[in-house]
Amino acid sequence: MSAALLQYLFSGLTSGAIYALAGLGFAIIYNASHVINFAQGEFIMIGGMASATMVAAGVPMPLAIVLALLIAMAVGVILEKFAIEPARNADVVTIIIITIGASIFLRGAAQIIWDKEFHSLPAFSGENPIAVLGATLMPQSLWVVGVAGVVIVALWWFFNRTMFGKAMLATSHNRLAAQLVGVGVKKVLLASFALSALLGAVGGVVVTPITFTNYEAGIMLGLKGFSAAVLGGLGNGTGAIVGGLIVGIVEALASGYLSSAYKDAIAFIIILFVLFFMPNGLFGKRGTDRV
Amino acid sequence: MSLLQVESLSKEFGGVHAVEDLTFTVEPGHIHSIIGPNGAGKTTLFNLITGVYTPSAGRVLFQDRMVSGMKPYELAAMGMSRTFQNLQIFFNMKAIENVMVGNHLQLNRSFLPSFLRLPGVVKGDRACVETCVELMEFVGLGKYLDADAASMPYGALKRLEVARALAAKPKILLLDEPAAGLNATESREIDEVIKRVAASGITVVLVEHDMKMVMGISDHITALDYGRKLAEGTPAEVRANPDVIKAYLGAHA
Amino acid sequence: MNMMTPRTGGLALLAVIITVAPIGFTNTYFYDVAVNAMFNAILCIGLNLLIGYAGQISLGHAGFLALGAYGSAIMTTAYGVPPIAAMLISATVVGLIAFVVGRPILKLKGHYLAMATLGIGIIIHIVLKTESKITGGPDGMSLDNFSMLGFTIMGDKMWYWVAGVLLILSAWLALNLIDSPVGRALRAVHGSEVGAEVVGVDTSSYKVLVFVVSAVFASLVGSLFAHKNGFITPDIGSFFGSVHLVTMVVLGGMASVFGSVIGAVILTLLPQVLAAVEQYEAMILGGIMMGTMIFMPKGLLPSILASLKRREAGR
Amino acid sequence: MQKLFKWGATAVVAAGFCAVAGTANAADPIKIGAFLSATGPASFLGEPEKKTLEMYVHKLNKDGGVQGRKIELVVYDDGGAGDKASTFAKRLIESDKVDLIIGGSTTATTMAAVPLIERAGVPFISLAGAVVIVEPVKKWVFKTPHTDRMAAEKVFADMQKRGITKIGMISEDAGFGKSGRDQSLLVVKNYGIEIVADEVYSPKDPDVTAQLTKIKNAPGVQAVFNFGFGQGPAIVTKNFKQLGIAVPLYQSHGVASKDFIKLAGPAAEGVRLPAAGLVVPGQLAATDPQKPVVTAFKKEYEEAFKSDVSTFAGHAYDGLQIALAAILRAGSTDKAKVRDEIEKTSGYVGTGGLVSMSPTDHMGLSLSAFHMVEIKNGDWMLMKD
């Protein structure tokens, strides 16, 4: 029975690491701009689709991956520049609709530029499962978990040890004050979109060998990423990671022990339950409203 | 009998005492001012009294009833109303509608009559408009009767909050820095309004930095510093208190 | 009450448009699309009370729509309940559900509320999809015409007039509400919760109230839609359905009853128009959504009215 | 047309509508309408179906049409949504005034359109799988693909032959898989087989090892049967291999396209499934009447689109052929006559099998239309009976 439990945890870890990477993109943009970018899933899709189609066309994999990341970053920058920036002072709901519009637009563009078929990338380290205490894990799952870990460390370094990263963090705490001490808020917003697009695309590349990708692959990942980010507490990177892992593991355990038909519902019930008691998520800021 | 009693009231935020072991009473019909330097805990005190925050310790009695832990809207029904240092205007509504919301408790609040626009609701609203026009004129907003709240200047919005609070027909009115950010003329106008409110029998609790105004209109003053009571008494007594001079007025001297 | 108030003037204009529009309808397909547009408009009027007036977002209202639709379908087909009774029972049950979940959920703010309502919608969708013995599962279920007192609503033309009358009624009720003590309290909740509280508005109850009202609107529309189409699938309750509804409200104009009507009509017609451009449909739809919200962040109707006002003032 | 423009919004509809119908000037063409799920979760059904219809209509028109009449094809994309499908069906009937409708890529979109098609009385050939479409028989409704029940029966028959009595079932919780699962549960007892584990997954789940572990640990499982389409079955297949489950894996006809083998890679080796002759034209017996038909269709499709043919494209091909043959026999596009002639379709050799319809059978396929195939060396191999 413990082998089964371990297998469920592996399964949850694989899905959870994917959700966590998706959630992290939400957290970064939210931090810099308090915008929830519902097109985050599309960055993941673009990373996967661009790299998979280029590899299929004969481009060497490392080059294809780099190009895919650059394409996604360019899309992120364009999106910020032409859709978010002009509407920066609009209502929360207005910006939600803009980003949903952007996600529909990007899906539409992807189905024309590429196609509607599913694409895959070869697994980075082969397809031989690794056996651990009677359970098995694919090497690619370790890649996803590893990349998620590297991303977290890199982000921590970026936000705490580089000038620009600190400036971004400062902007998230107090936009006006940041402006007063000479931080270019516009530049920070642009960078946050570029960064989260990059992050999304990295996620897209590493998960494509596991889940495959097509022009609609971003929808589900976007939704799960949003759930992960909210569960963890918006704008909190650690929260997004923990939130993603919780959602993934809850789904796997629910499939294993309760009902696979209701595993998504069970995950949402857990999220609702957490929010009832912690209205700002697990790691969200708890400050009292200033009156 | 005191209208409002604050007994050993404390509030901490993550180990920091914003208000600590504070006790004082407000007598009916008075203009009672709370003074103190920035960060002395004045706004926190207001939030504790009006039910926006719950105290960490101590209690508040209003009309001899223990009201700590009650919701602001329940206190409003008992006759307590307030304004805010950071404006809490309904910017999505017209100026007069802001005041009409203040009149909420006096109106028929059942869902179906509103939904079906029964004659009673129409009649009630018509009377409400009249009251609110009077109130706006009372606070000197006569020229904004048709304005959207979002289009009004800061000084007018401050007075709009007063009108809204008055529309709730309070027994006690708490004003949080009503003159902050106003120019001299506007300050004088607000001064007048407060006096007239008090004259109409409403007890006023005032937080204000404008010492000239405070000393001019207050019946009683409580001075705070770091969340604790520093001194209290009539304006003359407080002005003469050495602690107050040192901690507060002294800073200006 | 002169003819120029938004209430009477707008309602009269809406009535005129509904009466005159069929002159242009060359066949019943036009009626069909028009009925769908009006059903969406009714739902959006209710949803706008929640989102636009009270300022509380919901990304789960398609779930309530689906519950109304399935409630009617299941009760009329499996238990022989008369359609009108099934519709009212569904609406009552949906209202109760909204009441029970509304209390804890509406304590949340902003994106957290969006997440919670999204979760509710998705859970409803999953239940409808999974319990196929009752609901027919993802393949959907069929139901009969709407009949009452020996009279049956049949055919697109008859549905058109029914929907038209209901739309005007809904708009009238919503306009009543927003210009009443209850409605002002709702709008005050949007403006400043604490500001409303201190003058006696029990904000959490009002939030629950408007959540329930908007859910009941959705449920009623769901029942009607199910009878009119004769067949429903769980996908009417999907996350996309909810997003589609919110888009109608925001595009047409938040806190604008007639804006909701315009938003609903445009977004119902758009896929029909864009069918001509085939694979470019998604790009154009997404582009229109972005463009409208960037250049008219307040939505179509409020932005147009504001610019008319400015032009008038400029003269 | 002029008075259309009295109302702005109507004008917008009309504008879109004219853009579609604008080219219709040729004298009295045969109008065929289609509503397909060219986008959305079922797009890999709708997309090849749409491409096939367009290709053959174009080809027929180039060759002079049918009975000297050009064919005009109107296709709408319902995105897999039932309510959109019913509105588009109405549009085809009322606005485009088509003579016949092909479509409904999925059971949900088909069934959403059925009530109004029955009311309007237009011949309708569905391309979706579920039994409910033709059972009970509806006057105007026909379908070309094998039913999900047939697929299940074919699979269970094969299991029975191999002495398998206990299986694990895993299915997708969307339309195709859900309906397939329900039909499987209905017929499984007829084959003396017991389903000892019954798990589901969502179409976009990244990992299903949890469900498969549960099946693996169910006592006495001798085979696993997966009902689903899209990338789901490929993930199931990969996870199945990952867990080292030693029993045979059966898939449904939903994966009968080369894409599945590409996605699942080496893990697909040994997977068994029921499929139409279309996927193995070269291996059909020379005497098989289907052989020339499927060989030709595969060649034409793959040359035109540079992608592998799928059985779904074949469903559209069969639908179009059956429709046009019926119109030819009827000698007109009179709807009632065409309907009667479709019902009399007999001995038509299609990509899906031999079709002989009757007043009680609006599909006309038998179990023999399916072949069990196994994936070997990255290609389909006909299994020996």
With chain C treated as a Gaussian network of Cα nodes joined by springs under 10 Å, which of C:Y53, C:Y29, C:Y280 yields the largest mean-square fluctuation? C:Y280
Using the Cα centre of chain A as origin and beta-carbon charges of +1 (Lys, Arg) and -1 (Asp, Glu), tell me which of A:T238, A:F268, A:L189 is placed farthest towards the positive end of the dipole. A:L189
Mean Kyte-Doolittle of at least 0.5 and a Cα length of 30 Å or more along the axis: which whole DSSP H helices of chain A meet both? A:2-33, A:92-113, A:139-161, A:185-211
Debye, to nearest 20: dipole size of segment A:103-226, +1 on Lys, Arg Cβ, -1 on Asp, Glu Cβ: 660
Using modelled amide H (1.01 Å from N, peptide plane; none on Pro or chain starts), what sits under 5 Å from the amide H of D:Y201, excluding residues fewer than 5 places away? D:S171, D:E172, D:D173
Please report, ordered by residue number, every helix of chain C (full DSSP H runs) that is 18 Å or longer along its axis going by C-alpha atoms and whose mean Kyte-Doolittle hydropathy reaches 0.5. C:6-20, C:28-48, C:61-78, C:83-105, C:110-130, C:155-178, C:203-229, C:239-252, C:257-274, C:281-295
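Using every Cα-Cα pair within segment D:30-83, state what percent have a distance larger than 13 Å.
Here the tail beyond 13 Å accounts for 58 percent of pairs.
Could you calculate the FRET efficiency of B:E134 with C:K109 from 1/(1 + (r/R0)^6), where r is the beta carbon distance between them and R0 is 35 Å, rounded to 0.05?
Using R0 = 35 Å, I get an efficiency of 0.45.
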Check: C-alpha center segment C:12-83 vs C-alpha center segment D:196-242, spacing in Å is 40
In degrees, nearest 10, the alpha-carbon axis of helix D:232-242 is tilted away from the dominant principal axis of the alpha carbons of chain D by 10
Taking every DSSP bridge whose two residues both lie in the protein assembly as shown, the antiparallel percent to the nearest 5 is 45
Just how far, in whole angstrom, is segment D:283-322 from segment D:342-378 if you go by their alpha carbon centroids? 13
Order of A:I130, A:I46 from fewest to most other C-beta atoms within 10 Å? A:I130, A:I46
Could you please tell me the mean projected area of the C-alpha convex hull for chain C, averaged over all directions and given in square nanometres to one decimal? 18.4
B:L141 long-range amide H proximity, modeled H, under 5 Å: none
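Can you tell me, using C-alpha contacts under 8 Å and at least 6 residues apart, the relative contact order of chain C as a whole percent?
Averaging sequence separation for qualifying contacts and normalising by length gives 33 percent for chain C.
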Go through segment D:249-257 residue by residue and turn each phi into a ³J(HN,Hα) via Karplus (6.51, -1.76, 1.60, θ = phi - 60°); whole Hz please, and just put x for glycine and proline. 10, 9, 10, 8, 5, x, 9, 6, 9
Per principal axis, largest first, the Cα atoms of segment B:91-168 extend in Å by 38, 22, 17
Rounded Å value of the spacing that divides the Cα centres of segment D:154-187 and segment C:135-163: 36
Stick to the Cα atoms of segment A:66-166, pair each with every other, and give me the Kirkwood hydrodynamic radius in Å at one decimal. 17.6
Of C:G263, C:G52, C:G195, the one that fluctuates the most in a GNM where chain C has Cα springs shorter than 10 Å: C:G195
Nearest 20 debye, what's the magnitude of the dipole of segment B:91-168 about its Cα centre given +1 on Lys and Arg Cβ and -1 on Asp and Glu Cβ? 140
Only Cα pairs within less than 10 Å get springs; with that Gaussian network setup on chain A, which residue of A:M163, A:M278, A:M138 has the largest fluctuation? A:M163
Using just the Cα positions, wrap chain A in a convex hull and report its mean projected area in square nanometres, one decimal place. 16.4
Spatially proximal aspartates and glutamates relative to D:K62 (Cα-Cα < 16 Å; intrachain offsets below 8 disregarded): D:E54, D:E72, D:E300
May I ask what percent, to the nearest 5, of DSSP beta bridges between residues of chain D are antiparallel? 25
Sequence-distant residues sharing a close amide H with B:L230 (under 5 Å, placed H): B:A223, B:L224, B:D225
Which of B:L206, B:M66, B:P55 sits farthest toward the positive end of the charge dipole of chain B, with +1 on the Cβ of Lys and Arg and -1 on the Cβ of Asp and Glu? B:M66
Using the crude model of +1 on Lys and Arg Cβ and -1 on Asp and Glu Cβ, and no other charge, please compute the dipole size for the protein assembly as shown relative to its Cα centre, in debye to 20. 620
Ratio of the Cα radius of gyration of chain D to 2.2 N^0.38 Å, where N counts its residues: 1.01
Consider just the alpha-carbon atoms of the protein assembly as shown and return their Rg together with their Dmax, both in angstrom. 33.7, 118
Take the cross-link list D:K97/D:K258; B:K123/B:K143; A:K285/B:K212; B:K158/C:K107 and give me the ones stretching past 32 Å between alpha-carbons. D:K97/D:K258; A:K285/B:K212
Cross-link table D:K178/D:K204; A:K186/A:K224; D:K143/D:K344; A:K116/D:K262, entries beyond 18 Å C-alpha to C-alpha: A:K186/A:K224
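The numbers here are math on the coordinates, done by the rules we state, and not lab data. This is a predicted model, so every value here is computed, not measured. Neighbour counts run over all protein chains shown; Cβ positions are idealised from the backbone, glycine included.
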